[in-house]
1. Please determine whether any residue of the stretch 239-261 is part of a loop (DSSP other than H, G, I, E, B), open to solvent by 30 Å² or more (accessible area, probe 1.4 Å), over 22 Å from G283 (Cα atoms) and of a type outside the set (A, V, I, L, M, F, W, C).
2. Among the residues that make up the stretch 205-212, is at least one of them crowded, with 20+ Cβ neighbours inside 10 Å and charged (D, E, K, R)?
3. From N230, N237, N243, N261, which residue is in contact with an Asp or Glu (Cβ under 7 Å, 6 or more places away or on another chain) and either of a type in the set (F, W, Y) or touching a residue at least 40 places away in the same chain (Cβ under 8 Å) (or both)?
4. Checking A284 against (1) touching a residue at least 24 places away in the same chain (Cβ under 8 Å); (2) open to solvent by less than 50 Å² (accessible area, probe 1.4 Å), only one condition comes out false. Which one?
5. Quick one: what pairs do we get from the stretch 172-185, first residue farther than 12 Å from V161 by Cβ, second open to solvent by 50 Å² or more (accessible area, probe 1.4 Å) and assigned to a strand (DSSP E or B), C-beta under 7 Å, 6+ apart or different chains?
6. Identify all residues within the stretch 35-53 that are among the hydrophobic types (A, V, I, L, M, F, W, C), under 16 Å from L5 (Cβ atoms) and open to solvent by 20 Å² or more (accessible area, probe 1.4 Å); write none if there are none.
7. Just for the stretch 104-120: of the residues that are farther than 16 Å from N154 by Cα and outside any loop (DSSP other than H, G, I, E, B), which one is most open to solvent (accessible area, probe 1.4 Å)?
8. In the set S315, S301, which member is in a helix (DSSP H, G or I), open to solvent by 60 Å² or more (accessible area, probe 1.4 Å) and of a type in the set (S, T, Y)?
Amino acid sequence: MKIKLSALAEKLGLDHTGDDMEIAGVNTLEKAGPDEISFLVNPKYAHLLDSTRAGCVLTSGPYADRVARALVSANVYMDLSRVVNMFAIPQGCLSGGSELAFIHPEARIDASATVYPFAFIGARAEIGANSTVFPGCYVGEDCVVGSDCLLYPNAVVMGGVRLGDNVILQPGAVVGGDGYGYAQTPLGHMKIPQIGTVVVEDNVEIGSNTAIDRAALDTTRIGRGTKIDNLVQIGHNVQVGENCLIIGQVGIGGSTRVGDNVILAGQVGVADNADIGDGAMIGAQSGVSGKIEGGSRLAGSPVMPATTFLKAAGSCMPRLPELFRRVKALEKELAAVRAAAEKGSDHE
């Protein structure tokens with residue numbers, strides 16, 4: 001695909017500087033060629049503008065005059081996303097329903113949907129307009145998959161789960177597997193059937209090998225616009241709000257409530273029944289329990305204000321071995337002083 005710079009600027013509603021050209025792709029400032037557009041988001045890389053071979057650079061106004069051609073943006077990162085989407089090549093090459101897929105006679109598949117070979121669509125399941133179900137996917141009975149959804153290979157949607165519109169399940173994602181519920185009895189751990197469901201609202205993306213468990217009795221819910229990374233575990237009955245960012249290897253215990261616009265960085269562990277307020281940001285590898293106030297900036301395990309954690313981690317923790325040696329030396333000196341004092345008192 002090639003597009004004129006002037007046409008690209010018009011599509012995006014942006015101004016451009018320099019003469020017109022054909023753009024064939026997007027690349028970094030270091031690797032872009034003369035027929036590609038690059039970008040400057042972080043000013044610390046501005047020195048690369050002097051050496052880049054990019055035919056055009058997407059950047060903010062203050063840097064536009066440093067390159068031969070610029071696409072001028074007030075929000076470079078957002079407009080970069082829009083540019084890349086124009087050049088992105090969609091996955092897959094088929095359309096319609098394959099005869100090699102199993103589609104239950106009671107399933108309802110929109111005429112514009114695509115179902116690849118070796119997918120399974122269960123009884124009474126619904127697949128919405130322009131949605132795509134790739135090979136190896138399982139869509140159980142009574143599921144509802146909305147419009148413009150992408151279920152990449154080997155994604156699993158267990159029975160009764162509802163996906164909104166424009167939902168993306170990356171390969172290997174599992175939505176609606178049994179929650180982790182067992183009763184401890186004299187005969188061993190007795191499984192408690194999980195008979196609830198999962199609702200995933202519109203514009204949610206769920207990463208590869210992420211698991212979202214069905215509720216024990218009611219609904220596990222993922223709010224509109226939330227983006228979930230790979231290898232995340234979300235337990236039964238969890239309620240995740242809108243527009244959250246949940247990064248890789250996060251684990252959220254059952255019946256936890258996560259508010260709107262929350263960010264959980266990589267490997268955050270959230271205990272069951274926690275309550276995380278709107279707009280909270282939790283740093284990587286933190287341990288969370290109880291109630292977290294909205295707007296908090298926390299880190300550490302257990303969590304503490306992020307500034308406190310950074311001071312402790314940067315100043316105190318590296319000095320712990322030295323402090324330990326000093327304390328041991330002081331203990332020896334104190335023991336010697338006590339021994340001398342006791343010896344002196346014996347001679348009196």
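1. As a first pass, look at the stretch 239-261 and keep what is part of a loop (DSSP other than H, G, I, E, B): 241-244, 247-250, 253-256, 259-261.
Keeping just the survivors that are open to solvent by 30 Å² or more (accessible area, probe 1.4 Å) gives 242-243, 247, 249, 255, 260-261.
In the following step, the residues that additionally are over 22 Å from G283 (Cα atoms) were identified as none.
No, the stretch 239-261 contains no residue that is part of a loop (DSSP other than H, G, I, E, B), open to solvent by 30 Å² or more (accessible area, probe 1.4 Å), over 22 Å from G283 (Cα atoms) and of a type outside the set (A, V, I, L, M, F, W, C).
2. Taking the stretch 205-212 first, the residues crowded, with 20+ Cβ neighbours inside 10 Å are 206-207, 210, 212.
Those still in the list that are charged (D, E, K, R) too: none.
No, there is no match, as no residue in the stretch 205-212 is crowded, with 20+ Cβ neighbours inside 10 Å and charged (D, E, K, R).
3. Numbers: N230 fails: in contact with an Asp or Glu (Cβ under 7 Å, 6 or more places away or on another chain); N243 fails: either of a type in the set (F, W, Y) or touching a residue at least 40 places away in the same chain (Cβ under 8 Å) (or both); N261 fails: either of a type in the set (F, W, Y) or touching a residue at least 40 places away in the same chain (Cβ under 8 Å) (or both).
Just a single option satisfies the conditions, and that option is N237.
4. Here A284 meets the rest and fails (2).
5. From the stretch 172-185, the pairs are Y182/H189; Y182/M190; Y182/K191; A183/M190.
6. Quick first cut of the stretch 35-53, residues among the hydrophobic types (A, V, I, L, M, F, W, C) only: 37, 39-41, 46, 48-49.
Keeping just the survivors that are under 16 Å from L5 (Cβ atoms) gives 37, 39.
Listed by number, the list holds a single entry, F39.
7. Taking the stretch 104-120 and keeping what is farther than 16 Å from N154 by Cα, we get 104-113.
Now restrict to residues that are outside any loop (DSSP other than H, G, I, E, B): 108-109.
On the way: R108: 128, I109: 56 Å².
Across the stretch 104-120, the extreme among qualifying residues is R108.
8. Numbers: S301 fails: in a helix (DSSP H, G or I).
The unique qualifying residue is S315.
The values are calculated or read from the model by the stated rules, or taken from the named source; none is laboratory data. Just so we're clear, the structure is a prediction, and the values are computed from it rather than from any experiment. Positions of Cβ are backbone-derived with ideal geometry, glycine not excepted, and every protein chain shown enters the neighbour counts. Accessible surface is based on the protein model in full, side chains and every heavy atom, while ligands, DNA and RNA are left aside. Shrake-Rupley method; radii C 1.70, N 1.55, O 1.52, S 1.80 Å.
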